[in-house]
Amino acid sequence: MKLRSRDQRPGWVLMFHFLVLVLCEILVARALDNGLARTPTMGWLHWERFLCNLNCKEEPDSCISEQLFMQMAELMVSDGWKDVGYEYLCIDDCWMAPQRDSENRLQADPQRFPGGIRRLANYVHSKGLKLGIYADVGNKTCAGFPGSFGHYDLDAQTFADWGVDLLKFDGCYCDSINHLENGYKYMSLALNRTGRSIVYSCEWPLYLWPFHKPNYTDIRQYCNHWRNFDDVSDSWQSINDILDWTSSRQEEIVDVAGPGGWNDPDMLVIGNFGLSWDQQVTQMALWAIMAAPLLMSNDLRQISPQAKALLQNKDVIAINQDPLGKQGYCLRKEDNTEVWERPLSNLAWAVAVRNLQEIGGPRSYTITIVSLGHGVACNPGCFITQLLPVKKELGFYEWTSSLKTQINPTGTVLFRLEAATIVQKN
Ligand code: GLA
């Protein structure tokens, strides 16, 4: 008896898996049919790190201006971000002038964006990147700039004319839930009518939850990703709250995600000030397990080599971007430890083990392999690689064996399990 890796599977096994995939595609809710975000969007978004800094006089390097985005675009290319998949450079709130122009079109603030958005988009495209922009379904953006209510078609066309590739559509200052829901739907159709490929990033469920449970089947038909929960901030509390919310609602949200439509737990804050190294590892590992859009909000001009290596870790990005497109979930929570798992293509699995304890030192945890992936993740055996916090080939494990690991307080250990088949000797 000999073990071999999965890519040499016999034809009938491949055919069977292909049919299972086709069946899954038919059974899951239909995604927004714009051909975009087949894997979670990757890029950079200014909000968490740069907020609504309008003071270019005193803080020229951190105010919301075309200079900031041009610098980030350059670095995304020169520092390898684009090569590993970070493609969308996204503007958040506070790019606009306080008033629409004489033809009612949104306009960029002329002092901070003297070249306008079209020129910025050309620049970003010349670097091989894509440009994202921000607007709001209601009467004003959250920071008080002009909202799109009453102007959805005009704004969609303006963004398309400028060459915008992604729209983050916020939900502040909306008069009613009806306006909110209809507005999100209308904008999706308006973007589509422009004929330009524009990723549509929504916050629709976040604004609905206080009133009623969102209809995710609907949301998935209109949006490429959608925020469910509070804004991320640069703190461990915030990351924990997002993970707690996600695991407590996983029955409702996990199965809705798939190619073309993703739950968005908000930006990666790795490389900033608030998270320890282990906490940054936790964010990266869990955002990969959750099939989350990877939108960094940090300063690429000043980022530690360690944070950069974590954000550019190809093995972890491969889990996030896995083509099967199934979101992972929390499998078990016991004794201050959480085990999360995510099915991947080619019968592989990702497994993350979190140590929730905020006291003491590294804690041991033993995973019974048979308990993973509904009992089939490693049947009859698998090759296990630890990817985070450091990469280690752990070798072959049998279905009946167990895996012992050590996890730092607030940290996470991320594994990849590759299925192995048994080859019968004649
Ligand atoms: C809301 C959104 C944030 C950000 C701000 C901008 O709070 O949830 O992600 O876009 O508005 O004002």
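The values are calculated or read from the model by the stated rules, or taken from the named source; none is laboratory data. A quick note: this is a predicted structure, and the numbers were derived from the prediction, not measured. Glycine also receives a Cβ, built like all others from the backbone with ideal geometry; neighbour counts cover every protein chain displayed.
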Limited to segment 214-232, what total is found for residues that are within 15 Å of the ligand (Cβ to nearest atom) and more than 17 Å from residue 325 (Cα to Cα)?
6
Where a residue in segment 141-164 is of a type in the set (Asp, Glu) and its partner, wherever it lies, is within 13 Å of the ligand (Cβ to nearest atom), with Cβ under 7 Å and at least six apart
155/135
Matching residues, segment 63-96, being away from the ligand (no atom under 16 Å from the Cβ) and without any contact (Cβ under 8 Å) to a residue 24 or more places away in the chain:
67, 78, 83
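Hey, among 192, 122, 182, which residue is within 25 Å of residue 76 (Cα to Cα), surrounded by fewer than 24 Cβ atoms within 10 Å (Cβ to Cβ), away from the ligand (no atom under 15 Å from the Cβ) and under 26 Å from the mean Cα position of the chain (by Cα)?
None of the other options fit; the residue is 122.
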On the given criteria, is residue 139 over 25 Å from the mean Cα position of the chain (by Cα), polar (S, T, N, Q), within 16 Å of the ligand (Cβ to nearest atom) and modelled with pLDDT of 95 or more?
yes
Specify the residue that is farthest from the chain's Cα centre (by Cα); the eligible residues are those in segment 272-322 that are under 26 Å from residue 344 (Cβ atoms) and among the basic types (Lys, Arg).
308
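Pick out the one residue from 347, 372, 414, 394 that is buried (at least 19 other Cβ atoms within 10 Å of the Cβ) and more than 21 Å from residue 247 (Cα to Cα).
Values: 372 fails: more than 21 Å from residue 247 (Cα to Cα); 414 fails: more than 21 Å from residue 247 (Cα to Cα); 394 fails: buried (at least 19 other Cβ atoms within 10 Å of the Cβ).
When all the criteria are applied, what remains is 347.
Going by what's in this entry, would residue 388 be described as out of contact with any Pro (no Cβ under 7 Å at 6 or more places or on another chain), modelled with pLDDT of 95 or more and crowded, with 18+ Cβ neighbours inside 10 Å?
Details: out of contact with any Pro (no Cβ under 7 Å at 6 or more places or on another chain): yes; modelled with pLDDT of 95 or more: yes; crowded, with 18+ Cβ neighbours inside 10 Å: yes.
Taking the combined requirement at face value, the residue satisfies it.
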What are the pairs, 6+ residues apart or on separate chains, where a residue within segment 399-426 that is of a type in the set (D, E, K, R) has its Cβ under 9 Å from a residue that is modelled with pLDDT under 95?
418/5; 418/6; 425/1; 425/2
